[in-house]
Amino acid sequence: MRSWSIPIGRLFGVDVRLHLTFLILPLFTYWMEYRVRQGSANGPRDLALAGIILACVGLHECGHMLSARRAGIIPKAVVLLPLTGVALYDDSRTDRSGAWKREINLAMIGPLVSIALAGLSAAAVTIAAPNVDLWKWPLLTASNLPRSIIGANFYIAALNLLPAYPLDGGRVLRALFSRSIDVASATQRAVSISTAIALVLIFAGPFSNSWLTMVGVIIFSAAQLEERALVFQSVLENVRLEEVMLTDFATLSPADTLEDALNKAVHSLQDDFPVVRGGDMVGVISKARILDALRAEGNGYIQAVMNKIFEVSMRNESLSSAFRKLTARSSSIIPVVEDERLVGIVTLQNLMHSMSLLAESRKLRRDSQKS
């Protein structure tokens with residue numbers, strides 16, 4: 001999800017990122033208004049229109065996230081696109097029985113939220129500015145921002161009913177597919193249909209309305225983002241820690257001084273170290289913690305500043321399990337044990353690197369099988 005997106009904050013404890021297609025939207029809006037007005041446009045109003053669309057998409061996704069929380073599905077991150085959002089949910093602990101019905105219910109919340117927002121906006125604009133013609137064409141225009149608030153919500157609701165994944169209509173289609181095939185295959189089938197719809201819209205735009213091309217580009221980008229998320233999820237669930245753990249690593253002793261530890265850290269590529277006494281692991285410490293302790297308190301012993309509370313994993317556990325343990329304690333290292341003996345470590349740094357390589361290799365393998 002970090003590809004082609006930038007962080008903009010957190011909402012309800014969920015990381016929110018903005019896809020770079022949103023940065024194209026103000027330029028596209030300016031160009032469209034320039035054409036409509038035959039050589040004149042208003043930059044601030046065009047930028048405000050892009051902001052209205054972003055706010056409407058954000059509220060649309062808030063409806064999804066709140067509904068998912070009520071269903072016991074915890075959102076982890078969401079990427080906002082000009083029409084929809086692509087969310088990553090931690091549903092590993094969710095009951096999978098009736099999952100397709102639950103997904104349909106969650107998908108339909110989005111259009112309902114957008115329609116409700118359009119209705120509330122229409123009522124508010126009517127009260128605040130009764131002279132504004134709410135239903136004059138075009139509904140979405142920088143020349144009339146109050147009307148555009150209503151139009152943006154209506155367009156987002158209508159476009160999300162298209163059977164193009166990951167739009168809400170595409171999620172309904174994916175849910176129906178998953179009744180007879182596994183979720184991964186259902187997602188791939190939905191993404192293929194979505195890509196076909198996107199290409200039709202992209203090529204139809206120059207012959208009818210340029211907004212169709214923009215919609216097609218957004219759907220295509222969202223579909224590719226979802227496909228990558230699917231590959232990563234597959235890696236998380238199917239790859240075992242023994243496949244990616246570091247077996248050649250440096251350890252520290254609780255009797256080491258901070259200066260000795262820093263000297264070892266300088267000659268190691270590790271950012272995090274297990275602390276071992278004899279054959280037993282007694283703590284973990286990071287390079288950053290060693291530096292902070294040296295600056296604050298001067299030289300001392302590792303035992304006094306190491307983290308004595310840590311999670312451990314077995315070598316046959318999945319990457320998904322390791323990620324949950326890392327995020328639960330905001331840790332960056334997981335010791336891997338076998339028969340109570342330290343056999344490897346997994347750090348957040350090497351986990352992300354390994355996942356990227358594994359995901360890319362699986363995607364290349366799948367593409368080669370298709371061809």
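Would you call A304 more than 28 Å from R240 (Cβ to Cβ) and either touching a residue at least 60 places away in the same chain (Cβ under 8 Å) or not in a strand (DSSP E or B) (or both)? Answer is yes for this residue.
Of the residues A164, A152, which is touching a Gly at 6+ places or on another chain (Cβ under 7 Å), in contact (Cβ under 8 Å) with a residue 12 or more places away in the chain and either more than 22 Å from E61 (Cα to Cα) or not basic (K, R) (or both)?
A164 is the lone residue from the list that is touching a Gly at 6+ places or on another chain (Cβ under 7 Å), in contact (Cβ under 8 Å) with a residue 12 or more places away in the chain and either more than 22 Å from E61 (Cα to Cα) or not basic (K, R) (or both).
Within segment 138-166, the set of residues being modelled with pLDDT of 85 or more, aliphatic (A, V, I, L, M) and open to solvent by less than 40 Å² (accessible area, probe 1.4 Å) comprises I150, A152, I156, A157, A164. Given the criteria modelled with pLDDT of 80 or more, touching a Phe, Trp or Tyr at 6+ places or on another chain (Cβ under 7 Å) and either within 21 Å of L252 (Cα to Cα) or of a type in the set (V, I, T) (or both), does I334 qualify? Against the criterion (modelled with pLDDT of 80 or more, touching a Phe, Trp or Tyr at 6+ places or on another chain (Cβ under 7 Å) and either within 21 Å of L252 (Cα to Cα) or of a type in the set (V, I, T) (or both)), I334 does not qualify. Against the numbered list (1) within 24 Å of the chain's Cα centre (by Cα); (2) modelled with pLDDT of 85 or more; (3) in a helix (DSSP H, G or I); (4) surrounded by fewer than 18 Cβ atoms within 10 Å (Cβ to Cβ), I127 comes up short only at (1). Within segment 268-290, the residues that satisfy the criterion of being buried (at least 17 other Cβ atoms within 10 Å of the Cβ), free of Cβ contacts under 8 Å to residues at least 60 places away in the same chain and not in a strand (DSSP E or B) are K287, R289, I290. Figure legend. Inter-residue proximity from segment 53-65: first residues free of Cβ contacts under 8 Å to residues at least 24 places away in the same chain and farther than 13 Å from A157 by Cβ, second residues among the hydrophobic types (A, V, I, L, M, F, W, C) and open to solvent by 20 Å² or more (accessible area, probe 1.4 Å), beta-carbon distance below 6 Å, spacing 6+ or different chains. No pairs are indicated.
Every condition in (1) closer than 20 Å to D248 by Cβ; (2) in a strand (DSSP E or B) holds for A322 except the one numbered (2).
Annotation note: Cβ proximity below 6 Å between a residue of segment 16-28 that is over 13 Å from A48 (Cα atoms) and at pLDDT 75 or above and a residue that is small (G, A, S) and open to solvent by less than 20 Å² (accessible area, probe 1.4 Å) (sequence gap 6+ or interchain) occurs for R17/S5; H19/S5. Taking the criterion of being open to solvent by 80 Å² or more (accessible area, probe 1.4 Å), modelled with pLDDT of 80 or more and touching a Lys or Arg at 6+ places or on another chain (Cβ under 8 Å), would at least one residue in segment 341-355 satisfy it? No, that holds for no residue. Condition check: at pLDDT below 80, within 31 Å of the chain's Cα centre (by Cα) and more than 30 Å from S185 (Cα to Cα). Does A328 satisfy that? The answer is yes for A328.
Given the structure, is R45 part of a strand (DSSP E or B) and either surrounded by fewer than 19 Cβ atoms within 10 Å (Cβ to Cβ) or modelled with pLDDT of 80 or more (or both)? Criteria not met by R45.
The values are calculated or read from the model by the stated rules, or taken from the named source; none is laboratory data. Since this is a predicted model, take the numbers as computed values, not measurements. With ideal geometry, Cβ positions are generated from the backbone for all residues, glycine too; neighbour counts draw on all protein chains shown. When the accessible area is computed, the model is the full protein with side chains, heavy atoms only, and any ligands, DNA or RNA have been set aside. Shrake-Rupley method; radii C 1.70, N 1.55, O 1.52, S 1.80 Å.
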